[in-house]
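Nothing in this text is a laboratory measurement; each read-out follows from the coordinates by a stated rule. A quick note: this is a predicted structure, and the numbers were derived from the prediction, not measured. Every residue, glycine as well, gets a Cβ built from its backbone with ideal geometry; the counts of neighbours run over all protein chains shown.
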Amino acid sequence: MIPGHPALAGWSWQEAGQVLVPVPPAVRAATRVAGATVASPVASPSVEPPPAWDSEQQGALEAALAADPASAASFDLALRLLRQPGSAALRDLADQRRRALAGETVTYVVNRNLNVSNHCVKHCSFCAFRRDPGQDGAYWHGRDSLQQRAAEAQAAGATELCIQGGLNPAARLAGSALAYHVQLLRDLAAAAPGVHLHAFSPQELLFIAEQDGCSLAHVLEQLQAAGLGSVPGTAAEVLSEPLRQRLCPEKLTARQWCAVILEVHAAGLASTATLLAGHIETPADRAAHLLTLVALQQRAWHHRRSGFSEFVLLPFIAAGAPAVLRQRVGRDQPDLQAMLTLSAQARLLLGRWFRNHQPSWVKLTLAGATEALRWGCNDLGGTLMEETITRMAGATGGVAQTPQALEAAAASLGRPVRQRTTLYGEPPSCP
């Protein structure tokens with residue numbers, strides 16, 4: 001039995017321990033002394049902001065990352081960057097890096113979200129989505145409803161279905177969770193032939209394996225055979241174990257998340273990478289998370305695997321969160337300027353290992369996401385058509401966008417725009 005989880009391969013658990021970058025104990029202790037309990041561009045008012053970030057420091061950071069993302073030098077430089085206050089100079093440096101890596105073109109995908117069910121056995125402190133069966137607001141879409149939604153999406157021009165939901169132990173077919181999810185993919189593929197199926201977070205994948213008592217490798221093999229095309233990199237939240245013990249102790253651990261991603265990439269599947277930010281994390285937690293993403297991407301590229309297709313910043317919405325966390329955060333909606341600053345910092349820290357950066361118009365509003373295109377981002381995400389998880393959290397950004405609205409957002413900045421596929425290719429309908 002593997003110490004991390006019986007479904008995980010020995011090699012993935014071992015490698016996950018190598019790529020997961022922890023917050024150094026001395027930094028963690030200093031953060032506690034400074035009293036930094038709520039995230040901000042600077043760890044605490046008592047921490048002196050570092051010198052303004054410039055191209056020389058940027059070069060030193062990228063050299064340190066190329067040598068070893070887990071080194072003390074990498075962490076020190078990453079933390080210096082993540083303690084930078086927002087400024088026009090930081091914005092412009094991130095925008096230059098975006099231009100060098102991704103060009104001027106803004107991209108988006110026509111897709112539909114399918115949040116299959118909010119029945120869930122976990123109780124994460126930040127989640128306003130999960131429900132117990134029979135509870136007010138609980139739902140579980142049936143086969144006909146999901147197929148109808150898939151067919152409608154394809155008729156509206158969607159090239160992707162994004163499929164996620166709660167951890168529902170009743171989601172079984174002939175007693176098997178894997179059989180249920182395999183059939184789900186087959187049903188959607190039949191209703192919308194050729195549409196890319198972007199489905200199941202690392203938490204969901206591990207839960208399926210756990211329910212059936214089989215290996216994650218077997219789950220991935222069966223889901224791929226049923227049409228799984230790529231995996232959303234959600235459930236990462238912040239890859240800092242002490243923080244996860246406070247934020248989502250029932251969820252898979254940071255090391256387990258890394259192990260699942262390693263197996264996803266080894267299976268030939270690309271995934272996204274995410275960061276849930278603006279709650280109780282510190283700049284040091286953010287540094288550990290982003291450095292871990294670089295290490296995972298380096299590992300994928302070393303083995304000539306696709307790895308992560310994009311980085312998505314997910315600002316925390318507190319409006320619908322449980323009262324204790326909402327009170328600690330102290331605001332219902334994201335601090336736009338703080339999230340723009342973090343967008344620029346992420347572009348600079350992730351460097352050449354992440355070409356595509358996406359803001360969340362659902363969480364920031366379309367106007368906020370458009371502004372993020374000036375702070376290092378190059379992609380506006382998807383049309384979504386429907387969105388449940390963030391809406392139930394109290395977001396004000398809406399649940400759907402039209403291609404025309406996303407194209408107008410890019411045009412407002414004088415930037416060219418094109419529709420893309422999930423993995424950033426040209427849609428089949430494009431000449």
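A helix-only calculation puts the chain at -14000 deg cm²/dmol for mean residue ellipticity at 222 nm, using -39500 (n - 2.57) for each DSSP H run of at least four residues, averaged over all residues.
The protection proxy used here, the mean number of other Cβ atoms lying within 10 Å of each residue, ranks peptides 133-143, 60-70, 357-367 as follows, highest first: 357-367, 60-70, 133-143. In plain terms, the C-alpha convex hull of the range 91-147 casts an average shadow of 7.5 nm² when viewed from every direction. Once you have a ≥ b ≥ c as the square roots of the Cα gyration tensor eigenvalues for the range 270-321, tell me rounded if a/c is under 1.5, and otherwise prolate or oblate according to whether a/b is larger than b/c. Oblate, because a/c is 1.5 or more while a/b does not exceed b/c. Ranked from largest, the principal axis spans of the Cα set of the chain equal 60, 52, 45 Å.
For Glu160, the residues whose amide H sits under 5 Å from its own are Arg112, His196, ignoring neighbours fewer than 5 places away on the same chain, with H placed 1.01 Å from N. The alpha carbon convex hull volume per residue for the range 45-172 rounds to 231 Å³.
Stokes-Einstein diffusion for the range 203-246, with the hydrodynamic radius set to the Kirkwood value over Cα pairs and evaluated at 25 °C in a medium of 0.890 mPa s, equals 204 µm²/s. Near the amide H of Ala270, within less than 5 Å, lie the amide hydrogens of Val231, all on another chain or at least 5 residues away, with H placed in the peptide plane.
Once you sort the root eigenvalues of the Cα gyration tensor of the range 164-219 as a ≥ b ≥ c, which label holds: rounded (a/c under 1.5), prolate (a/b larger than b/c) or oblate (the other case)? The shape class here is prolate. When Rg and the Kirkwood radius Rh are both evaluated on Cα atoms of the range 168-265, their ratio Rg/Rh stands at 1.00.
Counted by neighbouring Cβ atoms within 10 Å, the residues Met339, Met385 run from fewest to most as Met385, Met339. In plain terms, if you count all Cα to Cα distances in the range 204-362 and split them into 10 Å steps from zero, the share in each step is 10, 38, 35, 16, 2 percent. Rounded to the nearest Hz, the phi-derived 3J(HN,Hα) couplings of the range 59-73 under the Karplus curve 6.51 cos²θ - 1.76 cosθ + 1.60 (θ = phi - 60°) are x, 5, 5, 5, 5, 5, 5, 4, 7, 5, x, 8, 6, 4, 5, where x marks glycine and proline.
Annotation: peptides 239-252, 370-383, 259-272, 415-428, ranked by per-residue average of other Cβ atoms within 10 Å with the highest first, follow the order 370-383, 259-272, 239-252, 415-428.
Antiparallel beta bridges, as assigned by DSSP with both residues in the range 125-278, represent about 10 percent of the total such bridges.
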